[in-house]
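The values are calculated or read from the model by the stated rules, or taken from the named source; none is laboratory data. Everything quoted here is computed from the prediction, not taken from an experiment. Cβ placement follows ideal geometry from the backbone for every residue including glycine, while neighbour counts extend to all protein chains displayed. Remember, those area values only see protein heavy atoms, side chains included, never the ligands or the DNA or RNA. Shrake-Rupley method; radii C 1.70, N 1.55, O 1.52, S 1.80 Å.
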Amino acid sequence: MNPLDNVRIILVEPGTPGNIGATARVLKTTGIHQLVLVNPAEWDTPEARKFAHGSGDILDACLVYPDLASAVAECHVVVGTTHRVGRFRDVTTTPKVVVSQLASQIHHCRAALVFGREKDGLWHDELMLCHQLLRFPTAVSYPSLNLSHAVLLLTYALYAAVGETPSPPGVQLATTAEREQMYANIQHALNDIEFTPYNGNPDHFSRVLRRFFNKVDMEIRDVRAIQTICGQIRKFSRRHRSGAE
C-alpha cells in the first residue's frame, strides 16, 4: 500500500473554485488522492476544472463535510497550518520536523493536513482539533502564500520524505473522534469531583490538557486506560455523594 493513500488534504471554507482546482493539481503531482472540503460554497465549476488541468479525478472523488470535526473524526493525526500568530496558535515545531514525523506515521495511520480560510485561517474551535500546528517560514514578516502554494510546500515535502522513510512497526493509534471522546470524559470526571481550574476557566484548562496529550502519539490502548480512570473517578464520586446524603 502507498502510505500517501492515508493522507487527506482538508480545505476549510475555501474562497474560490480556482484555488480548489489548483490544489487538486498539486495533489495529483505529489501523489496524494484525498481532497476534502469543509463547508464550501459552490465549487465544482468550470473554473475549478480549468485550474485542475489533468486532475479531474481528484475533484471527482472529493469529499465534502459540514464542519472540520466530522472531516477529521476518523483520522489519527491532524496537522493544522497557520500564518497568523497570537493566542491558541502556538507552533511548537518546524515543518521539517512535522514532515519527518508524518512520513513515518502514515505507514500505519490516517493523517489530515488542514488548511484554513484564505482570509482568516482556522477558527478557535478548529484549532483545538489540530494535534500540531505549523507555520511556513518566509522571507517577509507578513507572509502571504496562495492556498495551493501552501499545499504544495507541505505535500511535496511529505512526498519526498516518504520515499526516504522505511516502514515502521505498526501501532494502533486513536482516532480524532476517540480523542475527543476522551477529552469529554475527562471533563465529566473533573466536573463530578468539582474540580476548579486555577483561573476558573474550564476552556483554558481544556486547552492545557490538549497541549499535553498532543505531545505524544496516543494509541487506542492509552485512550482506553484514561477512559477507565475517568470511569472509576466518576463511580467513586457518585458513591461519595450518596454516602454524604
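Structure summary
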{"quantity": "Ratio of Rg to Rh over the range 170-245 (Cα coordinates, Kirkwood Rh, two decimals)", "calculated": "1.03"}
{"quantity": "Distribution of pairwise C-alpha distances over the range 1-125, 10 Å bins, in %", "calculated": "13, 43, 36, 8, 0"}
{"quantity": "Full-extension gain in nm, residue 171 to residue 183, via 0.36 nm per residue minus C-alpha separation", "calculated": "2.2 nm"}
{"quantity": "Stokes-Einstein diffusion coefficient of the range 91-245, Kirkwood radius over Cα pairs, 4 °C, 1.567 mPa s, in µm²/s", "calculated": "71 µm²/s"}
{"quantity": "Nearest-0.05 FRET efficiency for residue 214 and residue 238, computed from C-beta distance (R0 22 Å)", "calculated": "0.10"}
{"quantity": "Solvent-accessible heavy-atom area per residue, rounded to whole Å², over the chain at 1.4 Å", "calculated": "53 Å²"}
{"quantity": "Accessible-area composition of the range 1-151, carbon plus sulfur, in percent [1.4 Å probe]", "calculated": "54 percent"}
{"quantity": "Estimated FRET transfer efficiency (residue 149, residue 227; beta-carbon r; R0 41 Å; 0.05)", "calculated": "0.50"}
{"quantity": "Pairs of lysine residues in the chain - Cα separation under 28 Å, sequence separation of 8 or more or cross-chain", "calculated": "6"}
{"quantity": "Extension gain, residue 61 back to residue 41 (0.36 nm per residue minus Cα-Cα distance, nm)", "calculated": "5.5 nm"}
{"quantity": "The range 1-113 - charge dipole about Cα centre, Lys and Arg +1 at Cβ, Asp and Glu -1, debye rounded to 20", "calculated": "440 debye"}
